Amino acid sequence: MKKYITIIFIFLSLFPLSAENKSITITNSELSPFYFVVDPEELADINPAGPVPIYGLISKFFGSTDRSIVFSRIDPGETQTIRNLYPGDHLIVGFFKKENALRYPAGVFGITVRYGTSGVNYILHEKPVLLTVSSNRGILKNYFISRENEFPVAASAEAMAAASFTAGSKPSYFTLNYRGTDRVHAISDSGFWGKGGTNLHFFRILAVKRGIIPLRLESYTGFLDNVSYFLYFYTVRNTKETNRYTIEIKPLFKGSPKGFIVLWRKGIKNPDIIGFTRTNGLNMYGEIDIKKIPAGLFDFPSKTLSFDLTSCYFDEEEGTYEEFFLASIRLTN
């Protein structure tokens, strides 16, 4: 037996201006981020005038294998504006992402935009929960959650390298560099582990697309100017080989949300800029121009190419670096 529910539509009065000025604001009052899409084509046949088999329709929507659907995100306590809404009925469908949960509470509500003299702010509430959706099936399977509009990565073949880290994971040791001298210390002696982006949630190098290598990072603690990430490349793993190429990723530069990516080459003092980054909250998005990658970096079988990923915090007052080993990763594509 199908479950039916009447969607409650919020009637909004908007100034009779041009279409691009018609907007509403939504505030997330919950402790979890809300991911949503406005007017999904798959639910275009819903008739708001009568009862709707919403449970089945929403379950079918989230259970589909369509990888082209892009969600937007509203963080806890954040107010976000949805623009370009034409007069008429609109449907907002989404879910609250619960940390480490197998299923997410889903939410759906309707909005009717009308001409008038005032606007309305809608406040999101998680309860009552209409239904829950799987966190790693259907639309959300292998869907990496980020701060801005999301990017689906459907299969490992679309990523050249990937690593994920739990919130409580940490290295046993770190390297302290002072005046060019390295010393290894227990992680308990670190003053900066877990700060400014040193502890990552995930790291991705996506497959080349239109001459660009996309990078995706998410940190548990955001990013500070003091933090860089290093990729030490090796052609073959053995005790004698030193890395010829190192990529440094700098998420922020002088307080700007934009940073850069540089390539260091053994024996050459100054690095080359090979790409740029931008940050938003806990996430960093980077792009490397493949034309600026030396041919020597990829001129051997991919099965032998790997790199060590580290995060590094620069203490300006002391003039020291704390570097943390995160993972050894092999490029798969």
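Summary table below
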| item | result |
| --- | --- |
| Extension reserve of the Thr221-Ile290 stretch, reckoned as 0.36 nm per residue once the Cα distance is removed | 21.9 nm |
| Sites Thr320 and Asp89, calculated FRET efficiency, Cβ-Cβ separation with R0 51 Å, nearest 0.05 | 0.30 |
| Gain on full stretching of the segment that runs from Ile273 to Glu41 - 0.36 nm per residue minus C-alpha separation | 79.3 nm |
| 23 Å Cα-Cα threshold exceeded, pairs from Lys170/Lys266; Lys170/Lys292; Lys60/Lys141 | Lys170/Lys266; Lys170/Lys292 |
| Tyr178-Leu31 FRET efficiency (beta carbon distance; Förster radius 45 Å; 0.05 resolution) | 0.60 |
| Whole-percent pair-distance distribution, where bins are 5 Å wide, for the alpha carbons of the range 155-330 | 1, 8, 16, 22, 22, 17, 10, 3, 1 |
| Peptides 223-229, 271-277, 163-169 ordered by average Cβ neighbours within 10 Å, highest first | 223-229, 271-277, 163-169 |
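Values quoted throughout were computed directly from the atomic coordinates according to the rules given, and no laboratory measurement underlies them. What you see is a predicted model; the values in this text were computed from it and never measured. Cβ: placed from backbone, ideal geometry, glycine included. Neighbour counts: every protein chain shown.
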